[in-house]
1. Let me check the size of region 83-161 from its C-alpha atoms; what are the radius of gyration and Dmax in Å?
2. Provide the gained length on full extension for the span residue 289 to residue 266, in nm with one decimal, where the gain is 0.36 nm per separating residue minus the Cα-Cα distance.
3. Can you list, largest first and rounded to whole Å, the semi-axes you get for region 174-282 by taking the square root of 5 times each eigenvalue of its Cα gyration tensor?
4. With labels modelled as points extended 7 Å from the Cα through the Cβ direction, what inter-label distance (nm, one decimal) is found for residue 341 paired with residue 110?
5. Which order do peptides 295-306, 109-120 fall in by mean Cβ count within 10 Å, highest first?
6. Once both axes come from the Cα atoms, what is the angle between helix 121-229 and the longest principal axis of the chain, in degrees from 0 to 90, rounded to 10?
7. Would you report the distance distribution of C-alpha pairs in region 67-119 as whole percents per 10 angstrom bin, up to the bin with the largest distance?
8. So if R0 is 35 Å, what FRET efficiency would residue 405 and residue 159 give, r being the distance between their Cβ atoms, rounded to the nearest 0.05?
């Protein structure tokens with residue numbers, strides 16, 4: 001018996017997505033699927049087989065144009081049926097504002113909806129479309145943000161893959177230097193041991209020679225006395241006094257003195273600690289190292305990284321390649337790698353010929369994006385080429401008149417007392433002291449618009465001991 005409906009829904013459904021075919025393609029076996037569905041299915045499958053009968057399709061499937069046209073007609077027919085009232089088979093042109101139901105003109109006059117407010121379908125549709133368009137715009141913006149974030153993640157991955165080999169080489173070079181220090185210390189210890197052995201063996205040889213001479217003399221004296229005892233009574237009486245003098249000869253005590261042996265404890269006692277202390281006294285370090293991940297695009301850092309300068313390049317910089325969240329986007333500044341929340345910390349900065357610089361501290365939450373000038377949350381001292389001045393988080397700049405341009409500045413941060421002082425490293429003149437209760441962690445801060453470097457000066461462990 002023929003169906004009253006011209007179409008059967010199942011005939012137009014893809015066996016993979018269970019939705020109406022979208023750009024259907026037909027396989028060699030005769031089964032059809034959405035192009036996107038079969039391509040995705042094959043992308044995760046070991047072979048190009050049919051999802052239904054498992055027959056292999058060697059060739060690229062062709063579009064099933066006839067099925068595609070039928071699907072369009074089917075969808076058009078379904079939309080037409082949806083527009084008709086299921087009770088009266090009239091087109092539904094109204095929306096009941098109370099029941100939120102689609103109505104035809106006959107339904108409108110029914111007792112159920114007669115006293116309700118009604119609106120034309122097109123009017124409600126336009127209103128709904130407006131709401132959906134606003135939601136769609138928001139979703140598209142979110143999509144753009146996610147795509148941008150995905151793009152930035154890819155760029156960060158590329159940068160990490162680019163940086164890692166260079167860092168590996170620098171780490172190897174650093175350990176090579178440490179190995180050289182250890183090799184030098186090993187050679188020095190072997191030389192010390194060799195020299196001590198030589199000196200003490202020579203001393204022992206001298207003592208042996210002295211003892212040998214004494215033994216020779218004693219042997220001669222003993223033989224003479226033994227001969228004297230066998231010489232007869234008259235000779236014994238005659239030579240007694242002379243023999244007695246020779247018999248009373250007493251050599252020096254040949255006992256060993258302290259320090260004759262090699263000083264074993266000096267070489268192996270607390271071996272690791274002693275070697276480390278010797279190396280520690282011979283090397284220098286910088287109390288602050290710069291964090292390259294915070295450096296503005298216009299800044300260049302030394303390999304250490306303990307120096308920073310502004311390369312003053314006018315060409316457009318590809319900010320997207322390094323636009324991580326820690327980086328200062330607008331202000332030419334960089335932070336130290338380690339932040340402080342307790343204790344006293346001091347570092348010296350060689351400003352040299354730099355004519356536009358600032359050094360100080362910044363809070364961890366300092367604004368790094370979208371700033372027109374100096375970010376808030378900064379305590380610093382600086383020189384603009386004309387006058388020395390200090391700046392606080394309120395961005396109030398106070399000139400320091402009467403001071404010459406320094407060549408090196410000492411920064412002293414005492415978090416227990418809440419003091420931040422700036423002084424001339426050479427003259428030991430204090431320029432200014434801020435008093436503030438630093439609740440948030442603070443980081444060393446460096447700013448420069450000049451191509452001459454700001455350099456954090458090294459210290460030696462010997463100075464601290």
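The numbers here are math on the coordinates, done by the rules we state, and not lab data. All values derive from a computational prediction rather than experimental measurement. Reconstructed Cβ throughout: ideal geometry from the backbone, glycine too, with neighbour counts over all protein chains shown.
1. 22.9, 74
2. Gain in length upon complete extension: 4.6 nm.
3. Over the Cα atoms of region 174-282, the ellipsoid semi-axes are 59, 11, 8 Å.
4. The two pseudo-label positions are separated by 6.8 nm.
5. Ranking, from highest mean packing down: 295-306, 109-120.
6. Value to nearest ten degrees: 10.
7. 26, 40, 20, 12, 2
8. So, using R0 = 35 Å, E works out to roughly 0.40.
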